[in-house]
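The values are calculated or read from the model by the stated rules, or taken from the named source; none is laboratory data. Everything numeric in this text was worked out from a predicted model, so none of it was measured. Here the Cβ is made from the backbone with ideal geometry for all residues, glycine too, and neighbour counts use every protein chain on show. These accessible areas exclude ligands, DNA and RNA; they are computed on the full protein's heavy atoms, side chains included. Shrake-Rupley method; radii C 1.70, N 1.55, O 1.52, S 1.80 Å.
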Amino acid sequence: MSSRRSRSSESSSSSRITEEQVIDLISKLQALLPQPQTPSTTDRVSSAAKVLQETCSYIRNLQNEVHDLSEKLAEFLAETEETNSAQAALIRTLLLM
Amino acid sequence: MKGGNPNPNPNSNPKKPLLANHFIQALTRINLAAQTSSTRQRSHCIKRAAYVSMACAAGSRRAWSRAMLQKIRLRSRVLRLPGDRRSIVSVVRREENRADVLRKLLPGGQAMEFSSLLEETASYIQYLSAQVRLMQTIVDSMFG
């Protein structure tokens with residue numbers, strides 16, 4: 001098949017990747033997504049489009065969590081009388097890593 | 001700090017000490033400046049520190065982390081390169097079009113080839129979720 005051409009070391013941007021490679025990469029991506037509660041054999045084989053869609057939602061969710069957690073941390077660090085306990089909590093977390 | 005983790009699970013966190021180190025140092029600095037900054041400023045600094053620590057932990061090995069560090073340092077948007085749209089419709093092509101949204105979400109995503117985009121996304125998700133877990137752990141230990 002001419003699609004095999006993409007596996008050679010063509011440096012031009014016109015080299016296409018094969019469908020198998022796409023499917024392989026997509027399934028690796030799927031493995032990183034939060035898994036559904038009731039995984040079944042049929043559910044596991046989501047379409048590539050669905051995986052891409054879920055990946056985008058997942059990334060947006062994670063970015064929103066970073067935003068929300070940043071706000072929480074900012075509020076906690078605001079309490080001046082809590083500065084020492086904040087420091088202690090930070091050090092404690094670091095030691096537990 | 002935990003030593004080398006023999007767990008081959010890609011979702012384990014061998015990068016976690018690196019992530020924690022940088023982020024917690026940044027939080028310490030921000031904490032010391034707490035009295036002179038507004039909550040909103042602090043929140044912004046903390047969020048920035050979160051992404052910087054992710055990018056530093058990933059280093060220059062990843063296109064997304066390079067793009068992110070560049071973006072943060074320049075405080076400007078990463079340049080967009082012209083899209084690669086063609087008229088032939090195939091399964092691969094359909095997925096590339098659907099990946100446009102992903103390209104916008106991923107730092108440096110606009111310039112990547114489709115296969116790189118998928119690999120970079122996987123890496124980005126791993127670091128992003130590790131960062132979220134780290135921040136949640138810190139919040140839990142503060143409010144606990």
*Descending semi-axes in whole angstrom, ellipsoid equivalent of segment B:33-74, from the Cα gyration tensor*: 25, 9, 7
*Spin-label point model (7 Å from Cα, Cβ direction): what's the B:A111 to B:S141 distance in nm?*
3.7
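Quick check: with the 1.4 Å probe, what order do B:F143, A:F76, B:F23 take by accessible area, largest first?
On the way: B:F143 125, A:F76 25, B:F23 0 Å².
Largest accessible area first, the residues go B:F143, A:F76, B:F23.
Per residue of B:52-62, what is the mean number of Cβ atoms on other protein chains within 10 angstrom of that residue's Cβ? Don't jump to the answer; show the numbers that get you there.
Values: counts 0, 0, 1, 0, 0, 0, 0, 0, 0, 0, 0.
Per-residue shielding by partner chains comes out at 0.
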*Measure off 7 Å from each Cα along the Cα-to-Cβ vector at B:Q70 and B:T36, then give the distance between these two points in nanometres to one decimal.*
3.4
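To the nearest whole number, what is the average tally of beta carbon atoms from other chains within 10 Å of the beta carbons of peptide A:63-69? Intermediate values should be presented prior to the final figure.
Details: counts 6, 1, 7, 9, 5, 5, 11.
Average per residue, whole number: 6.
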*For B:L74, A:L52, give the ranking by accessible area with the largest first, probe 1.4 Å.*
B:L74, A:L52
